Amino acid sequence: FLEERQIEYCDFMKLNCEGSEFPILLSAKPGDLARIGILLVLYHCDLVNGYTEVDLMKHLEGAGFDVDLRRRKKSRGWLVAINRNRRRREERGGSELLS
């Protein structure tokens with residue numbers, strides 16, 4: 001998505017993909033994820049087989065994000081991921097916002 005639209009950096013991205021957040025994020029390369037400052041992901045473990053929120057957490061942490069789970073229920077919740085390099089980027093002169 002970012003590459004298709006030639007967006008160098010996205011400060012905030014929200015995903016609510018009814019289960020598709022797993023293949024979307026787990027197939028994303030660390031270099032692609034590095035172009036995102038903050039991710040808010042509504043995850044739906046009950047709509048996809050074989051994945052849990054832990055899979056998303058590990059992948060995003062490995063890509064340089066600090067990850068926190070919020071509003072966690074049985075098989076759904078919110079995942080907030082903040083890119084550890086975000087502050088450094090802001091110090092160099094800011095970012096574009098994807099709306």
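Brief remarks on what is shown
- Filtered residues of segment 10-52 (kept if crowded, with 18+ Cβ neighbours inside 10 Å, aliphatic (A, V, I, L, M) and in a strand (DSSP E or B)): 36, 39, 41
- Residue count, segment 15-67 (criterion: among the small types (Gly, Ala, Ser) and farther than 21 Å from residue 2 by Cβ): 2
- Residue in segment 74-81 that is at pLDDT 90 or above and touching a His at 6+ places or on another chain (Cβ under 6 Å) present: yes
The values are calculated or read from the model by the stated rules, or taken from the named source; none is laboratory data. Since the model is a prediction, treat every value here as computed from it, not as a measurement. Glycine gets a Cβ as well: all are built from the backbone with ideal geometry, and neighbour counts include every protein chain shown.
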